[in-house]
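Structure record follows, encoded as structure tokens.
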2 protein chains.
Amino acid sequence: MKRYEQPDFQQAMRIRLDVNHMMQECVGEKGLCKADLQAPCYQKAAERAHAKRAQWAFCHLPEDAVLTQIETMAAQIRRQCEAFVVFGIGGSALGPMAVHQALQHLHYNELPAEKRGGPRFYVEDNVDPERMAALLDVIDPGKTCFNVITKSGSTSETMAQMMILTRLLKDRGLDVAEHVIATTDAEKGNLIQIAKRLGLRTLYVPSDLGGRFSELSPVGLLSAAVCGIDIREMVAGAAFMDTRLQSQDVWENMAYLEGAMQMECMRRGRNIAVMMPYADSLKLMADWYAQLWAESLGKRYNWQGDVVAVGQTPVKALGVTDQHSQVQLYVEGPDDKVVTFIGVDAYRAQVPIPLEYEQIPDVAFLGGHSLNELIAAELFATGYALAKAGKPNKTIFLPEVNAFTIGQLLYFFEMATAYAGEVLDINAFDQPGVEGGKQATYALLGKPGFEVKKQEMDAAPKGKDAYRLA
Amino acid sequence: MKRYEQPDFQQAMRIRLDVNHMMQECVGEKGLCKADLQAPCYQKAAERAHAKRAQWAFCHLPEDAVLTQIETMAAQIRRQCEAFVVFGIGGSALGPMAVHQALQHLHYNELPAEKRGGPRFYVEDNVDPERMAALLDVIDPGKTCFNVITKSGSTSETMAQMMILTRLLKDRGLDVAEHVIATTDAEKGNLIQIAKRLGLRTLYVPSDLGGRFSELSPVGLLSAAVCGIDIREMVAGAAFMDTRLQSQDVWENMAYLEGAMQMECMRRGRNIAVMMPYADSLKLMADWYAQLWAESLGKRYNWQGDVVAVGQTPVKALGVTDQHSQVQLYVEGPDDKVVTFIGVDAYRAQVPIPLEYEQIPDVAFLGGHSLNELIAAELFATGYALAKAGKPNKTIFLPEVNAFTIGQLLYFFEMATAYAGEVLDINAFDQPGVEGGKQATYALLGKPGFEVKKQEMDAAPKGKDAYRLA
């Protein structure tokens, strides 16, 4: 029996949400009271969420056969490759990076191969030419597996990378089919066409699953497995969280409570959502969350077609680091934000602070403690200081950072986001606002069919030189 | 004659600010008009800034003797060490990381030593025990130089690192004086005491220079020089920018214009400042800026002691990457932000997109272009799409990313921040709001003198279990 199947392990590894510092009892009049979250809008959203859940694609976790396919593919890559490169952007990149950072060594690529046990790992989520050149300086394409991820196969950035890669492999006499794995829609789009023609190995993204909700699908799970992460434990963590999110009472459902609190704060003018993990391993989890929250909830229209122009702007921070960068603003600045900390009960290393410099009391008091105690004290102290200044904040606690707790955390945020979409009565699963920029790019690059857009752009105001300072 | 002394080079390398997309001509009624920025508050702030500049510490760039000292020290480290580690946090870390990322290879530490030409480079700006353990997995302390940076010598995080390091070196029979360089105040504080006692090599931070304004001082310049960056060119870039910022007319002074536009937007409800470079090399520049802007301008009191609780929240983004994460919100969400792009005219690599997959027009149109064209088109397209949606945005252009343009950029932002402080009539150079959290940490760790604080904390509301979901 795997540890994640054992009830004791599951209980010990429950992630927790402490919202005391959101409440009037702790932060005074700017806090919430229990009844605020029991308002009809939150109850109705809970009912709607409950009714819709069965149709939400992210609630359908991958089946055993898919996991086995991924594990088999990953085992082969671990044996054969020196490097594993993801070409993808947005939802195809942020999840893989966040999970890798959470569950692998913080200097993974710098470890000797035998300590890593798997290939070096790169996620290329930009088209900066310097970055592509830099990648090619540190990998040997002949010993590298490339995972090209785009559900639609029409993502310009990823397809440009695929074109460059194809030519590079061919120029070196290498077989594209041997070096490239395509993760894409099973039927529709350009990448599946290419994959079939070239005979690439493929993994399929469920057609109704959006990029930002796809970490617990082949999109995220292949790279995790390649890096030696137990993907069944991750999925089990998500499934466990699902069982914990069955109540329609926001006070008994931590994802609904999370969504409701954020939305209630937004309604009161807190248009900024700070996500501040106290662990370097969780730093990129804030980036993953930032996409999920921003792109799902930043919407101009509600389901009825009314202009609502809603959305709370996620801000990524890192504890304790950003205490020395952002916390001055959080404590003294406007009442425009909610701060969510992520704390860890047990770090995977224990580092004592020795007794040194005992003649300097201003320093010596740290001796005999540990970095573990210091970071925990600073998390508590920062939440306390914010609460004392009347600034609402809350903390998600992970008993430790492992595949099971990360699976829970991902699913928790996904559900909180989908629920918040119900509160706002918007479609949390589309992103129509990015079309304008895409079309303008197509027009500039001469894509057939965008001639009218090009004309529109040519006719737009060109601006004045007086407004260009040089 | 060095290139940065040549007028032709200086002219060609002028960084530029294009604010057309901030103006009504381009974004419609939600834009600004020229006269808005000529309001008395902005003119008076310009006058005050002008009068105060001579006293602002960041305006005093390091003298030749200091640069020579840093260069000599760096040359020795480059010869002797395999790794160079900065122990510092906030202003002692963000500048060094941003400049390294901007001016060095994107996979610097993974390059073979002969390609790097200098030691591997690490900045340790957190007290996460997992991070300290991970660092020790990849460095050999006997072949490493540690630069401990804290002006006051009372930064708990850095001093804890120093204590751990001291013990580690002693336990291995290594000489602390040989392996540690202290960058600190010349006279005051704990670190200078320790440095004198142990005979450490030292560099001095000017006593009136705050951490977030200290990149162009020994704080930032030693690590830059150790990594092979021409620090004289950086400083020359800053000095050149200073000559460009002499006008008191905001329309002739790009730093004042930057500050005035941000403050005018803030006044109109845009409490979020997005900084979005279109270059991986500039990604961490957004982190450096985030500290500068947040900690300088997020203030509860103005100079008269009135409660103002001002501050614009910086948000870090990366183009094109975050088009697939944040731009949906920027385009469709509330009118609560200003987006500032950073563009690069000439990247340091040229990557063509070959003609491939010509049977698929949806992909093939990219062939024959280059990643350089693609990223430039996406920058333009995103600014255009935002403007078309009525969302103000502006772009800072760097002709290329080099030490001279980075020096300009750092100084430009510092002056824009100091000027914005004058607009708000606040002290942009202190950070009183972090004291509460520090004191609470001291109390928790039993630092002598914080017994009363501990009592206060013990007496504070403990919160309810009903507000802890588990």
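Read-outs: derived from the displayed coordinates by stated rules, not from any lab. This is a predicted model, so every value here is computed, not measured. Virtual Cβ from ideal backbone geometry, glycine too; neighbours counted across all protein chains shown.
Worth pointing out:
- Using the average count of surrounding beta-carbon atoms within 10 Å as a protection proxy, the listed peptides A:367-377, B:221-231 rank, highest first, as B:221-231, A:367-377.
- Chain A - percent relative contact order, Cα under 8 Å, separation 6 or more: 22 percent
- The Cα center of segment A:415-448 and the Cα center of segment B:187-222 differ in position by 49 Å.
- Each residue, residue B:171 and residue B:355, gets one label point 7 Å from its Cα in the Cβ direction; the gap between the two is 6.4 nm.
- Here residue B:140 and residue A:246 are evaluated by their C-beta separation; at R0 = 51 Å the FRET efficiency comes out at 0.45.
- Segment residue A:115-residue A:41, length gained on full extension (0.36 nm per residue, minus Cα span): 21.4 nm
- Under the convention that each Lys and Arg Cβ holds +1 and each Asp and Glu Cβ holds -1, the size of the dipole of chain A around its Cα centre is about 1080 debye.
- In straight-distance terms, cross-link reach from residue A:151 covers every one of the lysines whose alpha-carbon lies under 20 Å from its own, apart from those fewer than eight places away in the same chain; here that gives A:188, A:196, A:438.
- The length gained by stretching the chain between residue A:154 and residue A:79 to full extension, at 0.36 nm per residue less their Cα-Cα distance, is 23.8 nm.
- For residue A:307 and residue A:52, the difference between the fully extended length at 0.36 nm per residue and the C-alpha to C-alpha distance is 89.5 nm.
- Placing a label point 7 Å from the Cα of residue A:2 along the Cα-to-Cβ line, the residues of segment A:78-107 whose backbone N sits under 18 Å from it are A:99-100, A:103-104.
- Residue exposure sequence - B:308, B:180 - by fewest surrounding Cβ within 10 Å: B:308, B:180
- For q = 0.08, 0.12, 0.13 Å⁻¹, Debye-computed log10 I/I(0) when each Cα of chain A counts as one equal scatterer: -0.53, -1.15, -1.31
- When the Cα convex hull of segment A:94-237 is projected onto planes of every orientation, the mean area is 8.9 nm².
- If the convex hull is drawn through the Cα atoms of segment A:351-470, its volume per residue in Å³: 346 Å³
- Here the alpha carbons of segment B:1-98 define both size measures, Rg and Dmax, at 21.3, 61 Å.
- Segment A:19-42 versus segment A:306-355: alpha-carbon centroid distance in Å: 20 Å
- Three-way shape call for the protein assembly as shown based on the alpha-carbon gyration tensor, with the a/c threshold at 1.5: rounded
- For residue A:123, nonlocal amide neighbours, meaning residues 5 or more places apart or on other chains whose placed amide H falls under 5 Å from its own, are A:86.
- Going by neighbour counts of Cβ atoms within 10 Å, the residues B:243, A:144 line up, fewest first, as B:243, A:144.
- Percent of Cα-Cα distances greater than 19 Å, calculated over segment A:195-265: 57 percent
- Net +/- balance of residues flanking residue A:403 in space, Cβ distance below 9 Å, scoring K and R +1, D and E -1: -1
- The relative contact order of segment B:350-470 comes to 10 percent, based on Cα pairs under 8 Å that sit 6 or more residues apart.
- Residues in segment A:323-365 reached by a label modelled at residue A:16 [backbone nitrogen below 18 Å; 7 Å Cα→Cβ]: A:340-348
- Compared with the rule-of-thumb size 2.2 N^0.38 Å for a compact globular protein, segment A:253-314 has a Cα radius of gyration ratio of 1.24.
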